[in-house]
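**Student:** Pasting a structure below so you can have a look.
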Amino acid sequence: MDFSIIINSSLLDIQIASDLSPRDNKTLLSLVNDFEDTRWRSEKFIDFVWDNIAETALSFKERDALQAQPASLLRNAAKNLRLTDSDKDIGKGSELAEIVLYGLMRHIYGALPVVPKIFYKQNTQDNAKGADSVHILLDDKDGFSLWFGEAKFYSSIEDARLDSIVASVKASLSTGKLKKENAIITNVSDIDLLEIDSDVRNRIKSAISNKASIDTIKPLINVPILILHECEITAAASELSNSYNESIREYHTQRAVAYFKKQLVSIGEMHKYGAIKFHLLLFPVPVKKPIVDLFVTGVRYYKGDS
């Protein structure tokens with residue numbers, strides 16, 4: 001992955017929002033694409049989407065069977081996408097955002113996908129609804145963490161748009177939703193096919209079994225919240241300059257504080273809120289519609305609809 005990282009720190013480490021407590025469980029990851037011939041590189045961005053589409057749109061067995069056949073891999077992944085004809089900002093591009101989140105989880109965090117969400121949403125109707133991504137991250141001490149992600153593609157990240165994201169995160173962290181998500185992980189076969197130590201796999205299954213209290217796994221839960229968003233700063237830029245990077249740094253820092261303040265008001269009283277780790281991932285684009293259109297064109301090509 002060759003996007004540039006502007007910020008990747010907890011709010012505590014970058015010493016902002018001292019009135020937000022706790023701060024060490026809130027992280028901001030700010031990413032930017034680069035430019036070529038004064039234009040934002042939309043093709044590079046879409047290539048990243050297609051390079052990572054299989055992890056969320058195909059099951060482990062399908063990915064494994066088709067790994068030596070890249071054209072077939074893309075074609076089969078495209079068939080599982082649920083394109084919407086809606087012009088609503090919330091609906092259009094939602095699957096694109098999910099795929100980008102899967103790619104970032106893989107390349108930045110080194111996480112393992114355990115529920116390819118687009119695949120199971122397409123093939124098992126309602127039983128896979130919930131988080132937009134589900135990953136497990138292993139550490140070098142045979143420990144693990146659970147990552148339940150949210151992904152959005154918005155035309156704005158001003159205050160009015162942040163409320164819906166906070167509401168979505170709040171809903172995903174209810175005890176009922178977490179138990180359902182854990183049941184999905186244990187019921188699908190992908191976790192048994194991952195190349196991880198069998199003892200670690202068994203400990204993961206034990207931790208998320210329906211017999212275990214959700215309270216015991218909250219310290220293991222991470223919530224990556226990806227927001228692809230239109231950005232006037234990016235639309236006006238023509239190169240990846242220091243001034244552009246600093247403008248994005250300032251803007252994303254300000255937006256992160258606004259988001260986490262809203263989140264704290266909404267779910268700060270949740271039991272063991274301070275044990276859960278939240279990661280806000282902000283990725284600016286110049287204009288949303290051309291990017292979605294480029295992606296949709298590719299999907300229709302691989303589906304044979306073009």
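The values are calculated or read from the model by the stated rules, or taken from the named source; none is laboratory data. From a predicted model like this one, the values you see are computed outputs, not experimental measurements. Reconstructed Cβ throughout: ideal geometry from the backbone, glycine too, with neighbour counts over all protein chains shown. These area figures cover heavy atoms from the full protein model, side chains too; ligands, DNA and RNA do not enter into them. Shrake-Rupley method; radii C 1.70, N 1.55, O 1.52, S 1.80 Å.
**Student:** What's the extension gain from Ala275 to His107 if we count 0.36 nm per residue and subtract their Cα-Cα distance?
**Tutor:** Working it through step by step, the gained length comes to 58.0 nm.
**Student:** From the backbone phi of segment 178-195, what are the Karplus-calculated ³J(HN,Hα) couplings (6.51 cos²θ - 1.76 cosθ + 1.60, θ = phi - 60°) in whole Hz, Gly and Pro given as x?
**Tutor:** Result, ordered by residue: 5, 5, 5, 5, 5, 5, 5, 4, 6, 8, 8, 7, 4, 5, 6, 9, 5, 7 Hz.
**Student:** Using a 1.4 angstrom probe, figure out how much accessible area segment 150-269 has per residue, in square angstrom, rounded to the nearest whole.
**Tutor:** Result: 46 Å² of accessible area for each residue.
**Student:** Going from most exposed to least, what order do Trp50, Trp147 have by accessible area with a 1.4 Å probe?
**Tutor:** From most accessible down to least: Trp50, Trp147.
**Student:** Which whole-Hz couplings ³J(HN,Hα) result when phi for each residue of segment 204-213 is put into the Karplus expression 6.51 cos²θ - 1.76 cosθ + 1.60, θ = phi - 60°, listed in order with x for Gly and Pro?
**Tutor:** 5, 4, 5, 5, 9, 5, 5, 7, 7, 6
**Student:** Between Lys152, Lys26, Lys262, find the one with the highest GNM mean-square fluctuation for the chain; connect C-alpha pairs within less than 10 Å.
**Tutor:** Lys262
**Student:** Considering only protein heavy atoms and a 1.4 Å probe, what is the carbon-and-sulfur percentage of the accessible area of the chain?
**Tutor:** Carbon and sulfur atoms account for 46 percent of the accessible area of the chain.
**Student:** Evaluate the relative contact order of the chain (contact order divided by residue number), counting alpha-carbon pairs under 8 angstrom at least 6 apart; express in whole percent.
**Tutor:** Answer for the chain is 25 percent.
**Student:** Can you list residues whose amide H is under 5 Å from Ile6's amide H, if they're 5+ apart or on another chain and H is modeled 1.01 Å from N?
**Tutor:** Amide H to amide H, under 5 Å and 5 or more residues apart or across chains, Ile6 pairs with Ser30, Leu31, Val32.
**Student:** Right, something else. Which entries of Lys180/Lys289; Lys44/Lys79; Lys141/Lys179; Lys177/Lys303; Lys44/Lys218 have Cα-Cα distances beyond 29 Å here?
**Tutor:** Lys180/Lys289; Lys177/Lys303; Lys44/Lys218
**Student:** Determine, from the Cβ-Cβ distance of Ser174 and Ser21 and an R0 of 22 Å, the FRET efficiency 1/(1 + (r/R0)^6), rounded to the nearest 0.05.
**Tutor:** So the FRET efficiency works out to roughly 0.45.
**Student:** I would also like to ask the following. Let's see if you can work this out: charge +1 on each Lys and Arg Cβ, -1 on each Asp and Glu Cβ, no other charges. What is the dipole magnitude of the chain about its Cα centre, in debye to the nearest 20?
**Tutor:** So the magnitude is around 1060 debye.
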